[in-house]
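This report concerns only the one structure given below.
Throughout, read-outs are computed from the coordinates displayed, never taken from laboratory work. Here the structure is a predicted model, which means the values were calculated and not measured. Please note: Cβ atoms are built from the backbone with ideal geometry, for glycine as well, and neighbour counts cover all protein chains shown.
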Amino acid sequence: MPSSKRTTNGAERPEALQDFASRHLMRAIVTGELGPGEKLSPTKLAEELGISHIPVREALAALEASGHVTRVPRVGFFVAELSLEYIEDVYHWRQVLEDEAHRIAVPLLDDDDLARMRKLNHGTARTVGYSNKYLDLNREFHFIPFERVGSETLLRFLNHLWDASLRYQNAMSNYPLPRNTLLREQHDGLIEAFEARDVDLVNARMAEHRGITMRAIRQIVSAHEADAAASEA
């Protein structure tokens with residue numbers, strides 16, 4: 001059973017257990033351990049995690065709000081199906097917020113920021129495919145300028161959007177995709193644009209960056225839909 005935080009009077013704070021359950025379920029969904037359409041039983045999950053069903057239900061409600069879980073009234077919770085319409089919407093709002101973030105952040109980046117980005121880029125080049133390590137390094141790379149903006153609200157929205165797209169990106173490792181769908185090479189061009197303090201070029205190259213990912217995601221969703229249709233035939 002996970003360790004839980006306690007208040008001054010010794011009572012457990014249920015949000016600590018909710019966070020534990022959320023992290024566990026999020027990891028299982030992102031990695032594909034829990035697949036699209038799979039039913040999620042709060043009672044069974046609570047037994048597996050060694051906690052009560054209340055924080056599990058709260059975790060499922062939070063994951064429903066982030067788009068990873070769906071709830072059917074009087075039926076239960078399910079892992080959300082992969083939806084092209086949903087991820088297209090996520091990437092649209094990512095572009096809106098990221099373009100504005102870059103307009104603010106690019107002039108503020110210092111030599112240390114750029115050195116960190118180069119180091120992270122080198123790290124992604126040493127990973128294989130769209131592994132969890134690659135996705136973590138990629139996210140850290142992109143959030144360096146986002147953090148430079150100095151807005152907790154912006155970071156909260158961007159983290160939500162990046163979390164929403166995570167399992168789609170993670171699914172890339174399960175499908176054979178052409179080499180040109182990999183994004184590592186794009187980072188070199190991005191760093192050049194950041195170093196030149198050219199906001200328009202940064203945003204243009206980020207648009208290409210997201211576009212490559214979306215083309216791969218469309219292939220993944222199409223393949224998933226075809227597999228689902230074949231299994232129902």
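Results, tabulated for the structure shown:
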{"quantity": "Shape call, the range 14-79: gyration tensor on alpha carbons, a/c limit 1.5", "calculated": "rounded"}
{"quantity": "Ranked list, fewest to most other Cβ atoms within 10 Å of each Cβ, for Ile54, Ile220", "calculated": "Ile54, Ile220"}
{"quantity": "Estimated inter-spin distance, Tyr86 and Thr31, nm [label 7 Å along Cα→Cβ]", "calculated": "2.1 nm"}
{"quantity": "Relative contact order [Cα under 8 Å, 6+ residues apart], the range 84-232, whole percent", "calculated": "32 percent"}
{"quantity": "Unit charges at the beta carbon, dipole of the range 14-79: most positive-side option, Ser41, Pro55, Ser22", "calculated": "Ser41"}
{"quantity": "Global form of the range 17-141, assessed from the alpha-carbon gyration tensor, a/c cut-off 1.5", "calculated": "prolate"}
{"quantity": "Inter-centroid distance (Cα atoms) of the range 208-233 relative to the range 56-129, Å", "calculated": "18 Å"}
{"quantity": "Nearby aspartates and glutamates by direct alpha-carbon distance to Lys44 (threshold 19 angstrom, same-chain neighbours under 8 apart not counted)", "calculated": "Asp19, Glu33, Glu58, Glu64"}
{"quantity": "Student exercise, the range 84-232 dipole from Lys, Arg, Asp, Glu Cβ charges, in Debye to nearest 20", "calculated": "440 debye"}
{"quantity": "Amide H partners (placed H, <5 Å) of Val69, local residues excluded", "calculated": "Glu64, Ala80"}
{"quantity": "In range of the label at Asn132: residues from the range 19-44 whose backbone nitrogen is under 19 Å from the point 7 Å along Cα→Cβ", "calculated": "19-36"}
{"quantity": "In range of the label at Ala61: residues from the range 13-47 whose backbone nitrogen is under 16 Å from the point 7 Å along Cα→Cβ", "calculated": "14-22, 42-43"}
{"quantity": "Residues His122 and Asp200, FRET efficiency given R0 of 30 Å [Cβ-Cβ distance, rounded to 0.05]", "calculated": "0.70"}
